[in-house]
1. Decide, for segment 232-354, between rounded, prolate and oblate: order the square roots of the alpha carbon gyration tensor eigenvalues as a ≥ b ≥ c, take rounded if a/c falls under 1.5, and otherwise choose prolate if a/b is larger than b/c, else oblate.
2. Taking the convex hull of the alpha carbon atoms in the chain, what volume per residue do you get, in Å³?
3. Going highest first, how would you order 692-704, 109-121 by mean Cβ packing within 10 Å?
4. If you roll a 1.4 Å probe over the chain with all protein chains in place, what percent of the accessible area is carbon or sulfur?
5. Specify which residue in the list Gln640, Gly616, Asn586 is farthest towards the positive end of the charge dipole of segment 584-696, using unit charges on the beta carbon of Lys, Arg (+1) and Asp, Glu (-1), about the Cα centre.
6. Only Lys, Arg, Asp and Glu count, each charged at its Cβ (+1, +1, -1, -1), so figure out the dipole size of segment 555-685 about its Cα centre, rounded to 20 debye.
7. Among the GluC sites (Glu not before Pro) within segment 70-147, which fall in a DSSP loop and have no more than 11 other Cβ atoms within 10 Å of their own Cβ?
8. Quick one: grab the alpha carbon gyration tensor of segment 87-169, order the square roots of its eigenvalues as a ≥ b ≥ c, and give me rounded if a/c is under 1.5, else prolate or oblate depending on whether a/b is larger than b/c.
Amino acid sequence: MQSWLKNILGISFTLILLLFIGGAIGYYMITASVPKYNGEFLFNGLKNDVTVYSDSLAIPYIKAETEEDAMFTLGFLHARERLFQMDIARRAAEGNLSEVFGEETLLFDKMFLTIGIKRIAKKNINLVSEVTKRNLTAYSKGVNAFINSKLPISAEFDLLNYFPEQWKPEHSLMIIRMMAWELNIAWWTDITFSRLVQKFGISKAQEILPDYPENAPTVIPSSISKSKLISESFIEINKKYREFFGITGTHIGSNNWVVNSTLSSSNSPIIANDPHLSYQVPGKWYAVVIHANDLKVSGVTLPGVPGIVIGKNENISWVLTNVMADEADFYSEKIDFKTKKYYYKNEWQKLSIIKEEIKVKNSNPLSFEIFKTHRGPIISDIHLFPKMFNDNEHFSHPISMRWIGADFSDEYLSFISVNKAKNWDEFKSALTSFSVPGQNFVYADKSGNIGYFCGAKIPIRPSNSTTFVFDGTNDSNDWKGFVAKNQMPMLFNPQENFIASANNKTVKSFPYHISNLWEPSSRIERIIELLSSKNKHSVSDFMQYQSDVVSPYARQIGKYLTKAFEGVKITDSNLNTSINLIKDWNYSFDAFLQAPAIYSVFLKYLLKNLLEDELGGDLFNEYAFVANVPYRSLLKILEQNNSTFINNKKTKKRETRDVIIRESFVDALSYLEKNIGSDPKQWQWGRIHTVTFKHFFAGQSDILDRIINIGPYGIGGDGTTLFNTEYPLVAYKGKLKKLSGKDFSNNLGPSMRFIYDFANSDEFYLVLTTGQSGNVFSPHYKDQTEMWLSGRYIKIRTDELSFTKNTNTLKLIAK
């Protein structure tokens with residue numbers, strides 16, 4: 001062999017060997033952070049030894065002697081699987097993202113420091129019950145035991161070049177408040193609805209403001225239309241924060257229902273829940289079974305907080321949906337920033353001033369002042385800095401915010417008390433400490449009882465017209481206290497033999513304002529249809545119901561659509577085919593059907609053609625951002641058929657309702673032909689309606705996305721089906737652009753599914769969107785996704801005889 005060839009082969013072999021060694025070292029370094037489910041650890045902070053059994057999907061079964069040891073262990077497990085998820089949420093709450101991300105997150109930090117999540121948590125930690133303090137302290141010790149253990153942490157910390165700080169009890173309170181903020185949408189509607197009044201006047205704005213027939217007529221304060229234009233900066237910053245964190249959906253609700261023995265095929269209550277939250281990787285929930293002294297409870301936990309949020313114990317089970325409570329009001333203030341005073345009740349009052357500083361990576365810290373009235377902080381000009389603009393001109397329309405979440409409440413005490421409750425009375429009593437986010441608690445117990453309790457803190461307001469920015473110079477719209485807990489809506493063993501909620505208006509008559517932002521009635525109508533469809537229901541029936549994709553809302557819109565083409569001569573073959581598909585459609589959003597794709601594109605164009613000409617692109621997007629608003633208003637416009645918005649101002653002719661419908665339908669077909677193909681057979685809903693579970697680092701590169709994201713998958717349903725698979729109703733930048741995977745991508749839905757039959761008390765059914773682990777290299781990063789997509793479940797056994805048979809055993813030994 002010639003020497004040059006030998007040299008080339010030698011060099012090649014050396015390079016291959018180096019690549020192999022480097023790859024092996026890299027693989028070891030990366031996978032070293034993947035949790036091991038066997039072994040022993042010695043820890044300070046434990047009173048007694050704890051054993052953790054793990055099944056094949058990494059669901060842990062904690063066997064501890066005391067409640068505190070169980071919470072310590074849960075803290076260790078959460079940190080081991082989800083530490084980055086917990087730490088980044090804590091940083092957001094503290095207004096400390098910019099220390100890691102630099103100027104990109106500066107406004108987010110300023111927003112949350114202004115709202116005061118960190119201040120609220122630090123205040124509340126001194127006021128909460130001893131039970132809360134004890135458990136949060138034990139949990140914090142468990143989180144820190146992992147942080148200090150020198151076990152490898154997940155790769156995200158290395159990529160961002162920082163190490164997590166020690167976890168503190170108040171950090172768990174911050175996580176609870178951040179969930180309350182995520183589920184609060186009053187921050188959006190009050191400002192946007194006020195802007196609509198300022199643009200169109202009271203009478204015209206009422207045409208597109210959603211209401212409910214049984215509500216008193218919405219009274220719009222005349223002061224709104226006379227005041228200066230309200231800034232939308234708070235809305236925009238909040239939206240950008242949600243986009244940064246992947247919190248892009250707005251159907252933030254859930255389905256839950258329960259039947260008693262009369263309607264149950266097992267002759268015992270069966271209860272179900274699927275909370276609708278924004279999709280993320282890892283998902284929101286971490287499943288666990290806890291056995292500790294008198295605490296025997298199982299279900300799902302929120303990483304960062306100890307205890308079961310949704311689940312069961314030996315006596316009861318409870319499930320949740322969002323009340324959609326109006327938890328915030330906004331006030332237009334008259335402020336002199338030079339003298340640091342605000343005008344209230346004919347006097348100039350001193351503003352409270354809080355000085356804050358934000359640490360910024362690769363830059364100097366930013367110091368600024370937060371101004372507060374007696375109601376709350378000024379949130380309207382977060383993007384401006386008083387240090388730069390020390391005059392009144394740049395604060396021409398300051399707005400303060402009154403948020404229930406700023407008041408003291410002890411949600412953790414409520415949940416840990418629910419975890420231990422033995423009956424309905426103890427369950428109700430546990431919820432007296434609960435405030436935010438307002439939740440519909442549906443209940444069942446082993447004695448066969450079922451119940452409902454509205455777990456929310458409701459302000460006593462002067463009127464029900466609260467979805468606007470109020471005049472803050474007087475006290476006419478200040479809160480007058482809160483509704484007593486014993487006056488809140490509740491049910492116990494109703495004659496219907498079932499209870500259900502789906503973010504709908506749960507009571508027709510209630511003396512106090514709860515909300516005007518209920519979801520469309522489509523999902524609750526479908527639940528009632530299904531629960532009324534047969535005499536007895538089983539667990540397998542409930543599984544089918546949770547994956548149901550029939551839309552009563554589409555059924556209502558469909559009748560207007562088909563009527564608009566009655567008697568119209570159709571010569572285009574695709575138009576004729578599409579109309580017939582809609583006529584024959586059973587309103588199932590099956591991923592393999594063409595009708596839901598045609599309908600969904602049509603719906604977007606219908607909203608656009610009705611409203612964008614007068615609202616303009618920015619206000620149109622703002623108006624339709626929270627999807628339940630245009631859904632409800634659209635039905636109102638079509639039913640009443642007298643709205644001035646029906647006519648397109650950009651054309652000389654006068655359009656009628658049916659003309660706009662026909663034009664929108666033709667626009668939809670043009671869109672589908674251009675972006676999918678000319679043959680309607682290609683227009684299956686799942687081709688354009690897809691779901692991708694995105695990691696926090698998604699969008700950096702296509703190669704990285706393929707590793708860290710899960711999907712895309714074609715998916716059925718829409719925002720009005722029980723299987724809630726919301727997509728954005730408005731297109732990006734006000735235009736329906738070339739199909740990009742964003743126009744109809746599913747961004748929110750069932751974050752988990754839970755079903756429990758009291759006839760089989762030692763088992764329940766559960767599935768998560770992704771998996772238990774947040775580590776991209778773990779086999780449990782996405783091992784539940786296929787099950788979730790196909791409507792399959794995990795059967796989780798909760799008796800010790802069963803779970804101690806798991807061979808994966810972790811010992812936490814007390815020093």
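The values are calculated or read from the model by the stated rules, or taken from the named source; none is laboratory data. Model, not experiment: these values are computed from the prediction. Cβ placement follows ideal geometry from the backbone for every residue including glycine, while neighbour counts extend to all protein chains displayed. Just the protein is used for accessible areas: all its heavy atoms, side chains included, with ligands, DNA and RNA removed. Shrake-Rupley method; radii C 1.70, N 1.55, O 1.52, S 1.80 Å.
1. Numbers: a/c = 2.50, a/b = 2.35, b/c = 1.06.
Prolate is the answer for segment 232-354, as a/c is 1.5 or above and a/b outweighs b/c.
2. Residue-normalised Cα hull volume stands at 202 Å³.
3. On the way: 692-704: 15.1, 109-121: 22.8.
Most protected by this proxy first, the peptides run 109-121, 692-704.
4. Within the chain, the accessible surface is 51 percent carbon and sulfur.
5. Looking along the dipole axis, the top candidate is Gly616.
6. Numbers: 18 positive and 16 negative charges, 73 e Å.
In total the dipole reaches around 360 debye.
7. none
8. Note, shape of segment 87-169 comes out oblate.
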